[in-house]
Every structure is written in structure tokens, then in C-alpha cells.
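Any read-out appearing in this document is the output of simple, stated calculations on the displayed coordinates, not a laboratory observation. Note that the structure is a prediction, hence the values are computed from the model and not measured. Neighbour counts run over all protein chains shown; Cβ positions are idealised from the backbone, glycine included.
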Amino acid sequence: MVYRSQFVGFGGYLPKRIITNDELSLTVDTSDAWIRERTGIKQRHIVSEGETCVSMAVEAAKQAILYARLDVQDIDAIVVATCTPDKVFPSTAVEVQKELHIKNAFGFDVSSACSGFVFGLSVANNFIRCGQAKNVLLIGSEVYSRILDWNDRRTCVLFGDGAGAVVLSRINTEAENGILDVYLHTDGQYSDLLYVKGIPSQAKDKYSIHMNGPEVFRHAVSKLSEVVEEALKDHHMTYRDIDWLVPHQANLRIILRMGAKVKLPPERVIMTVDRHANTSAASIPLALNEAVRDNRIKKGDLMVIEAFGGGLSWGSALVRL
Ligand code: UT7
């Protein structure tokens with residue numbers, strides 16, 4: 001028997017400290033006007049003492065499990081998408097397991113930069129579909145403030161910290177409901193367009209993020225268009241079938257272009273980049289959490305999720321809530 005999986009819980013956590021564009025422009029040669037115009041970002045949340053990849057993941061996970069009306073012991077797999085873990089090992093997932101006293105689960109991390117949530121979604125969905133898990137806790141948690149060079153205006157203005165979580169559960173349905181499909185791609189020949197040299201255990205100045213912004217932008221727009229087309233075509237759907245676009249939040253200009261591409265007005269595109277900046281693997285679950293809790297995305301709605309990031313890596317998912 002082939003099972004299906006469905007989102008049944010949502011949660012999010014954003015660090016308390018907010019850094020505005022104006023505040024950044026006091027320490028680096030930039031301006032609120034430039035950042036807003038080129039990215040749509042107005043502010044970002046950045047961790048303070050005591051806020052970590054694990055602590056944010058735990059808070060987001062608690063909310064998602066509560067929303068799903070499950071007990072922590074119902075969770076049988078934990079997948080954390082992150083490329084900014086607190087430790088090289090053990091995984092963030094097992095630290096979350098420890099903090100939440102989840103006894104009957106296995107857990108591990110997935111690393112695929114800003115596409116991490118979609119890659120994790122594929123893993124979680126496959127565990128459920130093949131019968132290996134019933135309730136999967138999937139988290140995206142990132143502390144990009146750790147891997148930023150705060151003197152590099154080309155990158156430090158773009159990112160923020162945060163965590164988002166979902167619970168996916170097995171559903172018994174013959175209908176086209178839940179996670180309909182996930183589509184994944186990578187192209188390693190472009191690995192030098194967006195990367196972090198070294199590993200976090202090295203000296204800080206050796207592992208900051210490097211990005212060829214305009215080239216990444218160009219690839220993002222074309223690859224995201226292709227992977228959304230691929231999903232719709234595979235399911236014999238058209239743009240008219242989509243109720244919501246839930247994109248990775250890197251740049252408002254990319255998000256709006258993708259909205260226009262799928263012929264959805266801006267109010268049908270979930271946007272958080274203005275307030276959260278780019279939280280990498282956390283951006284989609286944070287956006288989902290907002291849009292489900294404020295009743296924009298409702299039961300039965302069809303959404304297209306899409307993400308693009310270092311690798312290069314990109315993917316999409318078709319989901320009927
Ligand atoms: O999430 C993973 C995927 N990431 C993305 O999808 C990001 C894709 N790329 C982008 O979003 C954009 O390329 C950026 C927002 C990163 C940059 O915007 P851009 O319009 O492509 O600017 P640019 O890099 O071409 O730079 C234009 C100018 C340059 O000055 P000159 O050489 O023309 O004098 C930059 O030095 O803007 C300058 N600049 C800045 N000026 C003020 C770059 N960053 C800043 C800054 N403040 N923060």
C-alpha cells in the first residue's frame with residue numbers, strides 16, 4: 001500500500017533581537033534605500049545569548065506538535081534542515097529529540113542550503129509514503145549570523161536567523177490530497193556561485209558566506225520557473241489550479257517575478273522577506289506558519305512551494321492542504 005502525507009502542524013520562532021537596515025548602515029557602507037529597493041528587506045532577526053540553532057528548532061517544534069494535537073511520543077522521525085548547526089555532530093535533530101524527550105523516533109539533519117526545507121520535505125514525505133514513519137517532525141533552523149562577514153555589505157544585509165517547523169502525518173485517502181509530489185534538482189558545476197569556505201570549527205573569518213549575487217539571481221529565476229512548470233505539468237495542472245505560492249524568501253524581486261510567472265496576484269504569494277530577510281532553510285516553514293495561522297491558506301487549498309540555493313540546488317512541491 002502507498003500512503004500519503006499531509007501537513008498537520010505548524011510552528012515558528014524568530015529571535016527577539018531585530019536589526020533594522022538603518023542600524024546596519026551604521027557599521028557597513030549601505031543604506032535602507034538600497035536594501036529595500038534591491039531586496040525588499042526592511043529588517044532581520046538575529047540571535048542573542050542563549051538562542052541557538054537547537055533552541056529555536058525546539059520552540060518551533062513545540063508549536064507544530066501542539067498545533068497537530070499530537071503527543072511528543074507520536075513523533076517517529078525528526079528531520080532538521082540546516083547548514084548552520086551548533087555542532088558538527090551529533091545532529092541538531094537528536095538534540096531536539098533530547099530537549100523534547102521524544103523517545104520513539106530517529107532523527108538526522110539534511111543540508112542543502114536555502115533549498116534545505118524542500119529537500120527535507122522530500123525525505124519526510126518518502127518516509128511516510130513507504131510506511132517507515134507515521135508522524136514526521138520537519139524543522140528548518142538557521143543561524144546565518146554565524147557565517148556572515150559583517151563587513152561584507154554584499155551579503156550581511158541579506159540574511160536573518162530563525163526556525164520554522166511542520167508536522168507531517170500519514171493520511172488515508174484515495175484523493176489527491178496532502179503532499180502530491182516533491183521535485184528536486186542540483187547542479188554542482190555552479191558550486192562556486194554561492195558557498196561557505198571551510199567548516200564552523202575553523203576560525204570565524206575563514207568560513208563566511210560568498211555569493212555572486214547577480215549570477216545566483218539569474219539562475220534562481222530560470223530554475224524556479226522550470227521546476228514549478230515541471231510540477232504542474234506532471235500533475236496535468238495549470239496556473240489556474242494554484243491558490244497560493246509559498247516561495248523561499250531570498251529577494252522580493254525574485255518572489256514577485258515568480259508570482260507573475262504563475263499568474264498569481266501579490267496577495268496570493270506568501271511574503272515574509274521584508275521582516276525576516278533570508279532565513280535559508282527556515283524561510284518556507286516560517287512563511288507557512290504565518291499564512292496558515294492567519295487563515296490565508298485554508299484546508300483544501302493548493303499551494304506550490306519552491307526554493308533555490310547554494311549547490312546550486314532547487315526544488316518545488318505541490319501540496320493540497
Ligand atoms: O537564498 C539563496 C539564493 N540567493 C539569492 O537568490 C540571491 C540572489 N541575488 C540577489 O538577490 C541580488 O543579486 C543581490 C540582492 C544579492 C544584489 O543585488 P543586485 O541588484 O544584483 O546588485 P549587484 O550585486 O549587481 O550590485 C550593484 C551595486 C554594486 O556597486 P557598483 O559595482 O555598481 O558600484 C555593489 O557594490 O550595488 C552595490 N552593493 C551595495 N550597495 C549598497 C551591493 N550590496 C550593497 C549594499 N548596499 N548592501
Counting only DSSP loop positions in segment 155-243, the trypsin sites (Lys or Arg not before Pro) whose Cβ has at most 13 other Cβ atoms within 10 Å are LYS197
Which far-off residues, 5 or more places away or on another chain, put their amide H under 5 Å from the one on GLY311, with H placed in the peptide plane? LEU194
Across segment 178-320, how many lysine pairs separated by 8 or more positions, or lying on different chains, have Cα atoms within less than 24 Å? 11
Whole-Hz Karplus ³J(HN,Hα) for segment 41-48, in order, using 6.51 cos²θ - 1.76 cosθ + 1.60 and θ = phi - 60°, x for Gly and Pro? 7, 10, 7, 8, 9, 10, 4, 10
The chain, Gaussian network, Cα under 10 Å: of PHE217, PHE159, PHE89, the residue fluctuating most is PHE89
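Going by a ≥ b ≥ c, the root eigenvalues of the Cα gyration tensor, does segment 34-171 fall in the rounded group (a/c under 1.5), the prolate group (a/b larger than b/c) or the oblate group?
Values: a/c = 2.18, a/b = 1.89, b/c = 1.16.
The shape class here is prolate.
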Under 8 Å for C-alpha pairs, at least 6 residues apart: give me the relative contact order for segment 124-187, rounded to a whole percent. 37 percent
Apply the a/c threshold of 1.5 to the C-alpha gyration tensor of the chain and tell me whether it is rounded, prolate or oblate. oblate
Relative contact order [Cα under 8 Å, 6+ residues apart], segment 178-320, whole percent: 38 percent
